[in-house]
Amino acid sequence: YRLGEQVELWCASVIPDGDGLNVQLFWHTLAPLTAEGVQTFVHGIDQVGILVGQGDGPLLDGQYQPADWLPGQNLVDHYHVPNGAAIDHLEVGLFVPDGTRLPVTQDGQPLVDNVIQLPIEDRVCTN
């Protein structure tokens, strides 16, 4: 998945943890993210399409600003989404402070609502 022209999501790991889900997103940078205040949304969606858990936050917990990212870097980002038992799938993407989502494509084709849908499944990602 490509988000804007600056970053790709290469893999996502979703691991049940107590009453929630631990989510690891594996980013690959193509160029620094120069938009101010870019954040990640990680939404837990139930079987009928209702938001039942949310783990939004700054990329890399705000510890490494996206404007400083270097082309070719692989970065692992961590999020926690509560209410794991009610979640059917996750919706993930990036947005700026006014709520606008960065465009998302898969194999060059735009995704609806600029959302990456992730199943709840065991998947091991390596950096």
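Among the residues of segment 46-73, those identified as open to solvent by less than 50 Å² (accessible area, probe 1.4 Å) and within 16 Å of L21 (Cα to Cα) are D46, V52, G53, G55, G57. Pairs are defined by a Cβ separation below 8 Å, a sequence spacing of at least 6 or placement on different chains, a first member in segment 30-57 that is under 24 Å from P82 (Cα atoms), and a second member that is among the polar types (S, T, N, Q) and part of a strand (DSSP E or B); the pairs so defined are F41/Q54; V42/Q54; H43/Q54; G44/Q54; D56/Q39; D56/T40; G57/Q39; G57/T40. Among residues of segment 70-85 that are within 19 Å of V14 (Cβ to Cβ) and of a type in the set (V, I, T), those with a Cβ under 8 angstrom from a residue that is in a loop (DSSP other than H, G, I, E, B) and open to solvent by 60 Å² or more (accessible area, probe 1.4 Å), sequence gap 6+ or separate chain, pair up as V76/N127.
Residue-level check: of (1) of a type outside the set (F, W, Y); (2) surrounded by fewer than 19 Cβ atoms within 10 Å (Cβ to Cβ); (3) touching a strand residue (DSSP E or B) at 6+ places or on another chain (Cβ under 7 Å); (4) part of a strand (DSSP E or B), P16 misses just (3).
Among the residues of segment 1-13, which ones are open to solvent by 20 Å² or more (accessible area, probe 1.4 Å), touching a Phe, Trp or Tyr at 6+ places or on another chain (Cβ under 9 Å) and more than 15 Å from V124 (Cα to Cα)? Break it down stepwise before answering.
Of all residues in segment 1-13, those open to solvent by 20 Å² or more (accessible area, probe 1.4 Å) come to 1-2, 5-6, 8, 10-11.
If we keep only those that are touching a Phe, Trp or Tyr at 6+ places or on another chain (Cβ under 9 Å) too, we end up with 1, 6, 8, 10-11.
Y1, Q6, E8, listed by residue number.
Only residues that are over 12 Å from the mean Cα position of the chain (by Cα), open to solvent by 40 Å² or more (accessible area, probe 1.4 Å) and of a type in the set (S, T, N, Q) were counted in segment 23-45, giving 1.
When segment 74-126 is filtered for residues that are open to solvent by 50 Å² or more (accessible area, probe 1.4 Å) and closer than 17 Å to R2 by Cα, the ones remaining, listed by number, are N74, T100, R101, P103, Q106, D107, G108, Q109, P110, V112, D113, Q117. Counting residues in segment 46-63 that are within 20 Å of R123 (Cα to Cα) and of a type outside the set (D, E, K, R) gives one or more.
The values are calculated or read from the model by the stated rules, or taken from the named source; none is laboratory data. Quick caveat: nothing in here was measured; it's all calculated off a predicted structure. Note that each Cβ is placed from the backbone with ideal geometry, even for glycine, and that neighbours are counted across all protein chains shown. Heads up: the accessible areas ignore ligands, DNA and RNA and are worked out on the full protein's heavy atoms, side chains in. Shrake-Rupley method; radii C 1.70, N 1.55, O 1.52, S 1.80 Å.
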